[in-house]
Amino acid sequence: MQKLGSEGMSFATILMFGERCALPHGSPSERTLSKGDFITLDFGAVVNGYRSDMTRSYVLGKASKKQSAIYQSVSNAQQAAINLLKAGVDCLDLQNISQQVLDDSGFGKWAGQGLGHGVGLFLHELPFINKNCRHVLEAGNVITIEPGIYIPNFGGVRIEDDILITQNGYEVLTHAPKLFELEG
């Protein structure tokens with residue numbers, strides 16, 4: 001990131017695996033990484049004083065059917081919310097469509113507390129996209145869309161991208177690939 005102009009990290013990098021991935025902002029344990037483990041990586045850079053924030057989730061090796069279903073559900077929830085993005089959209093509508101996708105998948109009871117937040121000079125800014133948010137998006141807002149499923153003693157998945165709201169839609173600012181299975 002420094003080679004590309006970063007002034008530093010937006011926050012302390014979060015790297016967890018296995019059942020610790022059920023903790024949205026947890027810390028690592030002494031346990032070693034094993035094939036079949038979920039991996040969560042959440043980090044960001046600072047450029048010209050502005051922060052970024054992205055998360056990717058993986059499985060080391062071949063994912064189980066349940067792991068794949070969780071990942072696909074989170075991916076679908078993120079895409080459903082992204083499809084609505086444009087100036088004039090109420091953030092509560094984003095939260096509701098994402099939650100509906102997770103509920104329909106059967107994993108909704110393990111959904112995270114919110115769908116995302118504003119990001120800029122501070123890592124977490126208004127709007128906070130959750131069931132209590134009544135913010136209407138405006139062109140120029142930069143937000144995260146980051147649904148997650150967190151199943152205690154099993155693991156979890158979060159996919160997070162930074163997105164600029166434009167007058168006629170949006171621009172995804174995060175360009176990291178969304179791989180899921182990592183060769184181990």
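The values are calculated or read from the model by the stated rules, or taken from the named source; none is laboratory data. Computed from a predicted model, the values in this text were never measured in an experiment. Cβ atoms come from the backbone with ideal geometry, glycine included; neighbour counts cover every protein chain shown. Side chains are part of the model used for accessible areas, which takes the heavy atoms of the whole protein and leaves out ligands, DNA and RNA. Shrake-Rupley method; radii C 1.70, N 1.55, O 1.52, S 1.80 Å.
The table below gives the values:
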| read-out | value |
| --- | --- |
| Selection within the stretch 12-27 - open to solvent by less than 40 Å² (accessible area, probe 1.4 Å) and hydrophobic (A, V, I, L, M, F, W, C) | Ile14, Met16, Cys21, Ala22 |
| Residue in the stretch 1-32 that is farthest from Gln113 (Cα to Cα), counting only those that are assigned to a loop (DSSP other than H, G, I, E, B) and among the acidic types (Asp, Glu) | Glu7 |
| Residue in the stretch 51-73 that is in contact with a Lys or Arg (Cβ under 9 Å, 6 or more places away or on another chain), hydroxyl-bearing (Ser, Thr, Tyr) and not in a helix (DSSP H, G or I) present | yes |
| Residue among Ile143, Ile82 that alone is buried (at least 21 other Cβ atoms within 10 Å of the Cβ), under 25 Å from Tyr50 (Cα atoms), among the β-branched types (Val, Ile, Thr) and under 17 Å from the mean Cα position of the chain (by Cα) | Ile143 |
| Residues located in the stretch 21-60, provided they are free of Cβ contacts under 8 Å to residues at least 24 places away in the same chain and under 19 Å from Ile70 (Cβ atoms) | His25, Gly26 |
| Residue within the stretch 28-40 that is open to solvent by 70 Å² or more (accessible area, probe 1.4 Å), touching an Asp or Glu at 6+ places or on another chain (Cβ under 9 Å) and not aliphatic (A, V, I, L, M) present | yes |
| Unmet requirement for Asp103, which otherwise passes all of (1) out of contact with any His (no Cβ under 9 Å at 6 or more places or on another chain); (2) closer than 30 Å to Leu121 by Cα | (2) |
